[in-house]
Amino acid sequence: MIIKYHVALDWNDSQIEKMNEFGVYPVKGYTAVQIDEETYLKVKDYIYEWTGSGGIRYPEFSKAEQKESPLSLKSGGHEHGYPMPDMDFGYKQLTYDLSDYCPNCGVGLKQKDAFRVKSVPPEGKKQIFSLGWIYDELFVERKIYNEVFEPLGINCREVLKYKKENPFEETVQLVLEQTQEKLNLVDYPTETCHVCGKTKYQPMPQGFYPLYKNIIAPIFKSCDYFGSGASATNKIFITKELREKLIELKIEKSAWYIPTKALDETTNLKSLVTGDKKTENK
Ligand SMILES: [Zn+2]
């Protein structure tokens with residue numbers, strides 16, 4: 001794993017010239033460059049001066065690290081449509097039990113009813129997808145559900161056609177179990193809500209995610225919340241076996257997964273955050 005920084009800026013000639021001295025080659029105009037950590041630490045004072053903030057720090061994993069990971073966090077994929085009714089987020093009342101929900105930070109939604117959507121993707125396209133605004137639920141073509149998920153004991157539920165209220169025959173929602181195990185995310189910046197007092201983590205990965213001690217299902221949700229402002233979601237984790245199957249079937253891409261590591265192998269996280277190269281993993 002290496003740490004990189006994403007820097008977006010409206011670059012002018014003198015800024016480009018300065019960056020070139022360090023082997024960084026931005027394109028003139030509003031563009032972004034990806035800078036490795038060693039170089040970033042040398043140029044960061046300029047970046048702060050020009051952007052007013054720093055670059056966005058992110059980990060980049062090797063193919064081997066992605067392939068070998070026993071459990072991965074799903075961080076990308078297809079999206080299709082929005083939950084309905086979308087007016088004033090009316091789907092929240094209809095689909096969720098809001099008794100533990102805090103509108104200020106977004107924590108505490110519990111699904112109580114089916115999602116309503118206007119349409120589902122045509123057969124063979126976006127066989128697994130999420131909805132706009134809903135990042136912790138997955139919808140699957142029924143054929144894929146029967147072939148891949150059902151044999152693993154994963155349950156599904158209906159998705160309803162908006163206004164007609166009858167189910168889509170070709171698409172189901174996966175019922176994702178939620179673990180009670182909290183991750184040790186000590187290096188993640190947090191936000192604590194001034195209304196409900198609950199804490200959530202910044203969603204940007206800081207390196208490998210810690211590996212759960214107890215993997216409760218081939219695919220499951222975290223109990224920890226991630227997000228900022230009024231948005232809060234759980235993260236979805238998938239085992240190596242299921243991930244490989246989905247990639248082999250060309251339903252998912254390996255780039256959509258962030259690897260995890262047992263905590264004793266990630267004890268260097270803190271030094272990674274401060275940029276101490278000597279103790280970096282791999
Ligand atoms: Zn809150």
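Loop-located chymotrypsin sites (Phe, Trp or Tyr not before Pro) in region 115-191 (DSSP state other than H, G, I, E, B) with a sparse environment of at most 14 neighbouring Cβ atoms within 10 Å: TRP133. Placing unit charges on each Cβ (+1 for Lys and Arg, -1 for Asp and Glu) gives the chain a dipole about its Cα centre, and among PHE168, VAL43, TYR135 the Cα reaching farthest toward its positive end belongs to PHE168. The Cys residues in the chain with no partner Cys Cβ within less than 4.7 Å of their Cβ are CYS156, CYS223. Counting helices only, and only those DSSP H runs with n ≥ 4, report the 222 nm mean residue ellipticity of the chain as the sum of -39,500 (n - 2.57) divided by its residues, in deg cm²/dmol to the nearest 500. Dividing the helical sum by the residues of the chain leaves -5000 deg cm²/dmol.
List the relative contact order of the chain as a percent without decimals, with contacts defined as Cα pairs under 8 Å and 6+ residues apart. Numbers along the way, then the final one.
Details: 516 pairs, mean separation 57.5, N = 282.
Contact order relative to length: 20 percent.
In the context of the full set of protein chains, region 2-60 has a per residue accessible area of 57 Å² (1.4 Å probe). Bridging of LYS42 to aspartates and glutamates at a Cα separation below 16 Å is possible for GLU17, GLU21, ASP276, once same-chain residues fewer than 8 apart are set aside.
Percent of accessible area on region 62-282 owned by carbon and sulfur, 1.4 Å probe?
Numbers: 5740 of 11400 Å².
Using a 1.4 Å probe with all protein chains present, region 62-282 comes out at 50 percent carbon and sulfur.
With a threshold of 27 Å on the Cα-Cα distance, the over-threshold entries among LYS92/LYS164; LYS67/LYS182; LYS112/LYS143; LYS67/LYS213; LYS163/LYS198; LYS118/LYS245 are LYS163/LYS198; LYS118/LYS245. Across the alpha-carbon set of the chain, the Rg to Rh ratio works out to 1.00, Rh being the Kirkwood radius.
State in Å² the accessible area per residue of region 117-202; use a 1.4 Å probe, count heavy atoms of protein chains only, and round to the nearest integer. Provide the component values of the computation, followed by the final result.
Values: 4870 Å² over 86 residues.
Using a 1.4 Å probe on heavy atoms only, each residue of region 117-202 averages 57 Å².
Loop-resident trypsin sites (Lys or Arg not before Pro) (DSSP state other than H, G, I, E or B) in region 174-205 with no more than 15 further Cβ atoms inside 10 Å of their Cβ: LYS182. Beta bridges from DSSP with both residues in the chain: antiparallel share about 80 percent, rounded to the nearest 5. Just to confirm the filter: which trypsin sites (Lys or Arg not before Pro) across region 44-117 are DSSP coil and have at most 16 other Cβ within 10 angstrom of their Cβ? Qualifying residues, ordered by number: LYS112. For region 2-60, what relative contact order do you get, as a whole percent, if you take Cα pairs closer than 8 Å and at least 6 residues apart? Computed over region 2-60, the figure is 50 percent. In terms of its alpha-carbon gyration tensor, region 1-123 comes out prolate; a/c meets the 1.5 threshold, and the first ratio a/b outweighs b/c. The magnitude of the dipole of the chain, with charges of +1 and -1 set on the Cβ of Lys/Arg and Asp/Glu and taken from the Cα centre, is near 360 debye. Once C-alpha pairs closer than 8 Å and six or more residues apart are averaged by separation and normalised to the residue number of region 89-209, the relative contact order reads 19 percent.
Report in % the part of the accessible area of region 2-60 that belongs to carbon and sulfur, leaving out ligands and nucleic acids; probe 1.4 Å. Don't skip to the answer; put the middle values down first.
On the way: 1630 of 3350 Å².
With neighbouring chains kept in place, the figure for region 2-60 is 49 percent.
Rounded to the nearest 10 degrees, the angle from helix 37-51 to the longest Cα principal axis of the chain is 90 degrees. With 31 Å as the limit, the listed pairs LYS200/LYS261; LYS18/LYS200; LYS200/LYS250 have LYS18/LYS200; LYS200/LYS250 beyond it between alpha carbons. Rolled with a 1.4 Å probe across the full set of protein chains, the surface gives CYS193 an accessible area near 10 Å².
The values are calculated or read from the model by the stated rules, or taken from the named source; none is laboratory data. Predicted model only: the values in this text are computed from it and were never measured. For neighbour counting, all protein chains shown are included, and Cβ atoms are generated from backbone atoms with ideal geometry for every residue, glycine included. With ligands, DNA and RNA removed, areas are computed over all heavy atoms of the protein, side chains included. Shrake-Rupley method; radii C 1.70, N 1.55, O 1.52, S 1.80 Å.
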